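Everything on this sheet refers to the single structure shown next.
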Amino acid sequence: MKIGIFGGTFNPVHYGHLRAAEEIRERLDLNTVLFIPSRNPPLKTKDIAPAKHRYEMLKRALRGSKQLNLSDIEFGLKGKSYTVRTIETLQLQYRNADFSFILGIDAFLDIPHWWHPERLTVLTDFAIISRPGYLFEDLRESPYLKAGKAMLKELDRGKTGHHRIKLTSKRDALLLPITPVGISSTEIRRLHKRGRSIKYLLPPEVESYIISNKLYKH
Ligand code: ATP
Ligand code: MG
């Protein structure tokens with residue numbers, strides 16, 4: 001059984017997340033991608049909708065897929081939400097599964113600021129996906145991988161489909177360019193606050209949930 005772990009704030013979930021998960025699922029032949037909304041993100045405090053609302057929006061967004069699933073695992077863990085704890089808990093629950101931790105280039109570059117980052121990089125394999133505004137070449141700043149500039153540039157130019165490398169922790173990382181979708185939750189919140197349209201940036205069920213619960217207005 002192959003499981004993709006897709007963590008995030010999902011504040012709110014949008015088509016950038018959904019399309020990324022679908023493409024990785026297909027490319028890595030995953031049985032499932034688990035969306036894991038952070039209940040209590042340690043590094044984000046601004047403009048955060050309550051966990052229950054972020055969970056409900058994901059539930060509506062994922063209704064149409066059998067293989068993209070929602071996990072409430074961080075809701076059962078006390079205190080701040082730490083990825084290391086979440087993954088360790090999942091590994092106990094699914095003892096024979098192969099896990100890939102999925103994240104965008106921006107999120108991978110942020111790992112040094114997380115709780116026990118070295119422990120995280122030995123715990124699981126990774127899938128690092130492209131995201132508009134970031135380059136695979138930026139990964140040269142990461143302390144957790146050593147990759148040649150030429151190879152990273154090829155990925156950025158769309159010359160190679162994907163690349164497998166070893167992290168310094170000896171774990172595998174797949175570098176995977178995906179269809180560029182230039183959507184972010186920050187931009188959605190900003191537009192909505194100004195009374196601008198957010199239609200077609202996220203599923204209609206999520207848009208109507210935001211409106212009826214008056215989220216992101218203040
Ligand atoms: P915010 O602007 O609030 O940070 P976000 O759009 O970045 O929101 P997150 O919940 O922070 O969404 O991201 C969860 C994961 O999804 C991260 O690994 C991030 O890199 C990835 N991701 C988010 N949007 C995209 C996108 N448009 N394309 C590829 N990856 C994305
Ligand atoms: Mg983000």
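The values are calculated or read from the model by the stated rules, or taken from the named source; none is laboratory data. What you see is a predicted model, and the numbers here were worked out from it, not measured in a lab. Cβ sites come from the backbone with ideal geometry, for glycine too, and all protein chains shown count toward neighbours. These accessible areas exclude ligands, DNA and RNA; they are computed on the full protein's heavy atoms, side chains included. Shrake-Rupley method; radii C 1.70, N 1.55, O 1.52, S 1.80 Å.
Loop-located trypsin sites (Lys or Arg not before Pro) in segment 13-61 (DSSP state other than H, G, I, E, B) with a sparse environment of at most 14 neighbouring Cβ atoms within 10 Å: 44, 46. Restricting the calculation to Cα atoms, every distinct pair contributes to the Kirkwood radius of segment 134-176, found to be 10.4 Å. For the chain, the share of accessible area belonging to carbon and sulfur comes to 49 percent (1.4 Å probe, ligands and nucleic acids excluded). Heavy atoms of the protein chains alone define the surface here; on that basis segment 2-182 has 50 Å² accessible area per residue at 1.4 Å probe size.
Here the Karplus curve 6.51 cos²θ - 1.76 cosθ + 1.60, taken at θ = phi - 60°, turns the phi angles of segment 148-160 into couplings of x, 4, 4, 5, 5, 5, 4, 4, 5, 7, x, 7, 10 Hz, with x standing for Gly and Pro. Only helices enter this figure: runs of n ≥ 4 DSSP H residues, each worth -39500 (n - 2.57), summed and divided by the residues of the chain, yield -10000 deg cm²/dmol at 222 nm to the nearest 500. Each Cα pair under 8 Å and six or more residues apart adds its separation to the average, and for the chain the resulting relative contact order is 23 percent. Go ahead and set up a Gaussian network model of the chain, Cα springs under 10 Å, then flag whichever of 122, 13, 206 fluctuates most. The residue with the greatest mean-square fluctuation here is 122.
Multiplying each eigenvalue of the alpha-carbon gyration tensor of the chain by 5 and taking the square root yields semi-axes of 27, 21, 17 Å, largest first, rounded to whole angstroms. Relative to the longest principal axis of the C-alpha atoms of the chain, give the angle of the C-alpha long axis of helix 15-27, reported between 0 and 90° and rounded to the nearest 10°. Helix 15-27 and the main axis of the chain meet at about 40 degrees. Both numbers refer to the Cα atoms of segment 122-217; Rg and Dmax are 17.9, 49 Å.
Electrostatic tally near residue 14: other residues with Cβ closer than 11 Å to its Cβ, Lys and Arg +1, Asp and Glu -1, net 0. Rounded to two decimals, the Cα-based Rg/Rh of segment 1-78, with Kirkwood Rh, is 0.96. When the trypsin sites (Lys or Arg not before Pro) in segment 159-218 are filtered for DSSP coil states and for at most 11 other beta-carbon atoms within 10 Å of their beta-carbon, the remaining sites are 159, 170, 194, 196, 214, 217. Counting Lys and Arg as +1 and Asp and Glu as -1 over every other residue whose Cβ lies under 10 Å from the Cβ of residue 184, the net charge comes to +1. Other residues with beta-carbon under 10 Å from the beta-carbon of residue 193 carry, at +1 per Lys or Arg and -1 per Asp or Glu, a net charge of +4. What is the distance in Å between the Cα centres of segment 28-82 and segment 136-152? Each part reduced to its Cα centre gives a spacing of 29 Å. For the chain, the longest principal axis of the alpha carbon atoms and the long axis of helix 83-93 meet at an angle near 80°. For residue 78, a cut-off of 24 angstrom between C-alpha atoms picks up these lysines, skipping any fewer than 8 places away in its own chain: 44, 46, 52, 59.
Using a simple spin-label model with pseudo-atoms 7 Å out from Cα toward Cβ, residue 153 and residue 186 lie 2.8 nm apart.
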